[in-house]
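The values are calculated or read from the model by the stated rules, or taken from the named source; none is laboratory data. Bear in mind that the values here come from a model prediction, so they are computed numbers and not experimental data. In this analysis, Cβ positions are derived from the backbone assuming ideal geometry, glycine residues included, and neighbour counts consider all displayed protein chains. Keep in mind that these areas ignore ligands, DNA and RNA; they rest on the heavy atoms of the full protein, side chains included. Shrake-Rupley method; radii C 1.70, N 1.55, O 1.52, S 1.80 Å.
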Amino acid sequence: MDYAEVNAIRTQYQAGLWPQFLQMLQIEGLRGWSGQSVEFNFPVVAIVGENGSGKSTLMKTAACVYDNKDRDKRFYPSAFFVETHWDKIQGVKIDFRVRRGPNVDSFRTTKPTQRWRVPENGPKRDVFLLDIARTLPLDASVGYAKIARLAAAEIESAEINDAFRERLSHVLGRNYKKARFATSDVDKNRQIGLLEREWGELSQFHQGAGEDATLDLFRTLQGIPENSLLLIDEVEASLHPRAQRRLVRFLLWLARQRRIQVVLSTHSPYVLQELPQEARILLLPGPQGLSVVYGVSAEFAMSRLDDEVHPEVHLFVEDREAEVLLREILASTEETGKLLHRVAINPVGPANVVAMLGALGKTGKLPYRSAAIVDGDHVDANCLSLPGTLAPERMVYAELKAKGWPNLSQRFGIGAGTLLTALEDAMLEPDHHKWNAKVGDQILKSSVSVWEVLANEWCRSCLDPEKRKNLAEAITATADAG
């Protein structure tokens, strides 16, 4: 993640420097949406969810919010949500809230029976929707096969400017000397993209799928006006992981430069990892309908899309440190260790995300049995807690120090003086999340291995057996429920 870029955008967004912004979208009566709302809390957000969870519906609905400044390019819900012999689309309500300068206004689009009703004097904005059709090979698109067969000359050419060509080269990891779009003598309404490399020029008829789709994307991005809304479905399509990361970083930069709002849909962890937590939105189908979960970790979001062994109960914790500590607590006796074969421990993000998932689980809105477990320095009525009243690192370090750092010198294979100096120096760092890495740097171990040893020794030397028993019984009760 480009933390400097993300922090710059966060600061400017909080200062109100995005004068046009879609803040909220609520959908009822359309493709499984039953009144759920989605809040957009960052200028570039990613929507993630399994196929059929509602991502495309959300993207298309967002495209219809605004009366496009170019009336010929306006998106209408009647074009996206076509009523057929099999699909009756009635009783639809789409509410949305937009910011325009200092003003925040709410609007509603409806389809009570046969006709769509859009707001009079609705908000105006340039809107660009790039759906998955953009990845269709050029020779499979209507009209282009004829150009491929018959074109004999160019009648016009428009170049991608040098700044965007260089960005395109960076995203795809190739040095393009020129990027342009040519109009042939066969059809003046259909352009052909060309990329020039060290050995010559290559048209979109012969470019790789990633080159083809990204070249088209950059043509749109080069001309996108300030304050626009940009919607990209499956942004990672046809791109390898490094290109995905670079593309998201470029979109962050562009969003800040032109104050555009970007909404992406994705199935890629690499896309999510380039965005801050407030920019990640998970659509999670359950037995009581769709749930919208904000700020999830990339790992948890992807685990919901994977075909994996299904445990009896999912345990939600804040981060990897909490996961390791919980696993060590359960493994510290033979009896409680049996639970490890029945559960999956998922780091999902900060305490508010754990609490949200805890509430969803308690009300039966998740498609599996679950329990949420916050760190000891947080309390929530819908969650269990790890032992203690401090963050895991602070608790483990402090209690091991109070006992004289038992057995650690032998376990790390390092002299006691060197090890104790590293441990106690780390505790001077205000940010406890850095402690394990600081110790690891001093004793030449990874932060993960440092924490695993410390958590294991804490369980052996400091853990209250009654607290272990109570936590294990609460997890067992969840696993045995229903």
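Where strands (runs of 3 or more DSSP E) sit wholly within the stretch 63-134, those with at least 1 residues that are in contact with a Ser or Thr (Cβ under 6 Å, 6 or more places away or on another chain), open to solvent by 40 Å² or more (accessible area, probe 1.4 Å) and not aromatic (Phe, Trp, Tyr) occupy 92-100. When the strands (runs of 3 or more DSSP E) confined to the stretch 173-241 are screened for residues that are in contact with an Asp or Glu (Cβ under 7 Å, 6 or more places away or on another chain) and closer than 19 Å to Glu156 by Cα, those reaching at least 3 such residues are found at 178-184, 191-197. Restricting the stretch 222-246 to residues that are closer than 20 Å to Phe40 by Cβ and among the hydrophobic types (A, V, I, L, M, F, W, C), the residue that is farthest from the chain's Cα centre (by Cα) is Ile224. Residue-level check: of (1) in a helix (DSSP H, G or I); (2) out of contact with any helix residue (DSSP H, G or I) (no Cβ under 9 Å at 6 or more places or on another chain), Val353 misses just (2).
Apart from one condition, Glu211 fits all of (1) at negative phi; (2) surrounded by 19 or more Cβ atoms within 10 Å (Cβ to Cβ); (3) touching a residue at least 40 places away in the same chain (Cβ under 8 Å); the exception is (3).
Out of the stretch 399-420, which residues are without any contact (Cβ under 8 Å) to a residue 60 or more places away in the chain and surrounded by 14 or more Cβ atoms within 10 Å (Cβ to Cβ)? Hits for the stretch 399-420 are Trp405, Pro406, Asn407, Leu408, Ser409, Phe412, Ile414, Leu419, Leu420.
Asp377 fulfils the conditions (1) open to solvent by 40 Å² or more (accessible area, probe 1.4 Å); (2) farther than 27 Å from Glu50 by Cα; (3) part of a helix (DSSP H, G or I) except for a single criterion, (3).
As a summary of the residue check, Gln12 satisfies the conditions (1) touching a strand residue (DSSP E or B) at 6+ places or on another chain (Cβ under 9 Å); (2) at pLDDT 90 or above; (3) surrounded by fewer than 18 Cβ atoms within 10 Å (Cβ to Cβ) except for the one numbered (1).
Give the stretch 405-462 a look and list any residue that's in a helix (DSSP H, G or I) and among the aromatic types (Phe, Trp, Tyr), or say none. Phe412, Trp435, Trp451, Trp458, listed by residue number. So, in the stretch 435-446, of the ones that are out of contact with any Asp or Glu (no Cβ under 9 Å at 6 or more places or on another chain) and open to solvent by 90 Å² or more (accessible area, probe 1.4 Å), which residue ends up modelled with the lowest pLDDT? Step by step, filter the stretch 435-446, then rank; the result is Leu444.
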